[in-house]
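Heads up, the thing below is written out as structure tokens.
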């Protein structure tokens, strides 16, 4: 029997996880299933039905437990309705314990209320001691297994939502990003973006996720263009490359001038020729051959060495 691998998402803008649904037979997108994960039993939506399964993970695929019933969906909705109250209670208890550097961001029940995850962020690099808080919350909700999970600044921004630093009404992370890619300052430099912190920093205080969106296109486009400070020959004379517009294929050149008044002009990539290559060809053409003395020989004879 062919293995039936499906992709399941547990949150609206969450990561997709793969499970073996062979025992369920034909599964369609949009259906809801109950699966057993490392963090308990969860209910998720089928968003992928893979015709070609990806590489088998270590330990094999986890199996889908069953299809979700209408009762399961109602349970999920009911428990989610209590999450805000739980978060408020946890924040109040954290304040009573003097945990000022710890911010309770969200509370999340699984579909049947058997597991409760309290997500928090903390100032500084050291992980705070929250044993007392977890013990108190466990006593407050004795029929549920309580877990405290620390999340990073980007995850906090994703959960809280709101307007992006660029003015976008809904932040990218809350709208469509299912995973966070590594972002580096090199990506901003490659695209010619100002390195002013306010220009490249998102609402989470980290480098903006959008710096990676066009990074590869800029890298490929720059390979076709001369580098900065390289001398080139243009239709208006010689000059030095001072800037470039990679996506439009245009280059800004600081022109040489007899009056020592430098003029900046912009040219298409096809209009420029590298100065060093033209100079090499010029020197080769002016070199004397074995038959004639002096430069400018065009007889085609072997050049002297």
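The values are calculated or read from the model by the stated rules, or taken from the named source; none is laboratory data. Keep in mind that this is a model prediction, so the values were computed, not measured. Cβ coordinates were reconstructed from backbone atoms using ideal geometry, including for glycine residues, and neighbour counts include every protein chain displayed.
Remarks
- Residue identified as surrounded by 12 or more Cβ atoms within 10 Å (Cβ to Cβ) and over 18 Å from residue 14 (Cβ atoms) among 76, 97: 97
- None of 107, 139 is surrounded by 18 or more Cβ atoms within 10 Å (Cβ to Cβ) and either more than 30 Å from residue 27 (Cα to Cα) or in the same structural domain as residue 161 (by TED's automatic domain parsing) (or both) except 107.
- The strands (runs of 3 or more DSSP E) falling completely within segment 182-271 include none with 1 or more residues that are assigned by TED's automatic domain parsing to the domain that holds residue 167 and touching a strand residue (DSSP E or B) at 6+ places or on another chain (Cβ under 6 Å).
- So residue 86, is it under 30 Å from residue 137 (Cα atoms) and surrounded by 17 or more Cβ atoms within 10 Å (Cβ to Cβ): yes
- Cross-chain or 6+ apart pairs with Cβ under 8 Å, segment 222-235 first and in contact (Cβ under 8 Å) with a residue 40 or more places away in the chain, then surrounded by fewer than 16 Cβ atoms within 10 Å (Cβ to Cβ) and assigned to a loop (DSSP other than H, G, I, E, B): 224/249; 225/249
- Answer from 206, 231 - the residue that is in contact with a helix residue (DSSP H, G or I) (Cβ under 6 Å, 6 or more places away or on another chain) and modelled with pLDDT under 90: 231
- A single member of 77, 48, 28 is within 18 Å of residue 116 (Cβ to Cβ) and modelled with pLDDT of 90 or more, and it is 77.
- None of 160, 116 is under 27 Å from residue 13 (Cβ atoms) and not assigned by TED's automatic domain parsing to the domain that holds residue 97 except 160.
- The sole residue among 40, 7, 14 that is touching a residue at least 12 places away in the same chain (Cβ under 8 Å) and buried (at least 18 other Cβ atoms within 10 Å of the Cβ) is 7.
- Segment 3-39, subset assigned to a loop (DSSP other than H, G, I, E, B) and touching a helix residue (DSSP H, G or I) at 6+ places or on another chain (Cβ under 8 Å), residue farthest from residue 56 (Cα to Cα): 13
Condition check ((1) surrounded by fewer than 16 Cβ atoms within 10 Å (Cβ to Cβ); (2) closer than 26 Å to residue 7 by Cβ) across all residues:
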residue	(1), (2)
155	no, yes
162	yes, no
173	no, yes
184	yes, no
208	no, no
211	no, no
219	yes, no
